[in-house]
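A short worksheet on the structure shown next.
The values are calculated or read from the model by the stated rules, or taken from the named source; none is laboratory data. The model shown is predicted, which means the values in this text are computed figures rather than measured ones. Quick reminder, even Gly has a Cβ in these numbers, built from the backbone with ideal geometry, and neighbours come from all protein chains shown. Remember, those area values only see protein heavy atoms, side chains included, never the ligands or the DNA or RNA. Shrake-Rupley method; radii C 1.70, N 1.55, O 1.52, S 1.80 Å.
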Amino acid sequence: PLIPLSGLLPLDAGVATTGFKPDLRYVLNAVTPSRMLLSRLGVYESTNRGDAIVPVETLPVAGTPVVTALAYGGTNPNGTPNANVAYVARGATLTLRATAGGVFVAGPALPADADNIRDIVLDPTNFRTAFLVTDANRVFRLNNVGLAGQSVTELTGSLAAIGAQRLQTIEVFRSAAG
């Protein structure tokens, strides 16, 4: 028999009721779309279209902030696909897992007034470069995430001056010029 919410950890299953919750996040893998990450307090991975999920990070404890954004699957700097890379944001804090079964390591710190990370997208040619949009309508580029020398560059520029309000998502594409 199907047991609803049976794969969730107690802190997540205890708040679930009928229907989809606005603070539940999910993302399909950019390399292997049959894989997905799901989250609320815990982060779960499925390799079979969500039929089964397993926790992939340290178990959450009371007071753990909810996950605010996810990115999953990318390209290694050498051009090979990496279906195991995962970015998880909780508020303004970002973590990265670069390999299957690897630990999540801290990403670079955002400025104190950046606010919560709302969306994450990875550079299509290098998962160690990520772009973020925050609740404060700010845009950031992160370089060398998870490595020594990781850095943050704000790209917001004149978005507010041209009337951009309530940014929800971010996308990155490469032109013919790179």
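Key figures for this structure:
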read-out	value
Any pair with Cβ under 8 angstrom, 6 or more apart, that starts in the range 56-70 at a residue that is hydroxyl-bearing (Ser, Thr, Tyr) and ends at one that is modelled with pLDDT of 75 or more and surrounded by 20 or more Cβ atoms within 10 Å (Cβ to Cβ)	Thr64/Leu41; Thr68/Ala89; Thr68/Ile117; Thr68/Arg118
Residue check for Asp119: in contact (Cβ under 8 Å) with a residue 40 or more places away in the chain and of a type outside the set (Ser, Thr, Tyr)	yes
Within the range 32-45, tally of residues that are part of a loop (DSSP other than H, G, I, E, B) and under 17 Å from Phe104 (Cα atoms)	3
Qualifying residue in the range 152-170 (condition: open to solvent by less than 70 Å² (accessible area, probe 1.4 Å) and either touching a residue at least 60 places away in the same chain (Cβ under 8 Å) or part of a strand (DSSP E or B) (or both))	yes
Residue selected from the range 56-65 under the condition buried (at least 16 other Cβ atoms within 10 Å of the Cβ) and touching a strand residue (DSSP E or B) at 6+ places or on another chain (Cβ under 7 Å), by the criterion farthest from Thr95 (Cα to Cα)	Val56
Filter pass, Ser34 being at pLDDT 95 or above, open to solvent by less than 50 Å² (accessible area, probe 1.4 Å) and of a type outside the set (A, V, I, L, M, F, W, C)	yes
Residues of the range 66-89 classified as open to solvent by 10 Å² or more (accessible area, probe 1.4 Å) and among the hydroxyl-bearing types (Ser, Thr, Tyr), total	3
Per-region count, the range 41-73, residues within 15 Å of the chain's Cα centre (by Cα) and at positive phi	1
Flag for Asn48 being modelled with pLDDT of 95 or more, surrounded by fewer than 19 Cβ atoms within 10 Å (Cβ to Cβ) and among the polar types (S, T, N, Q)	no
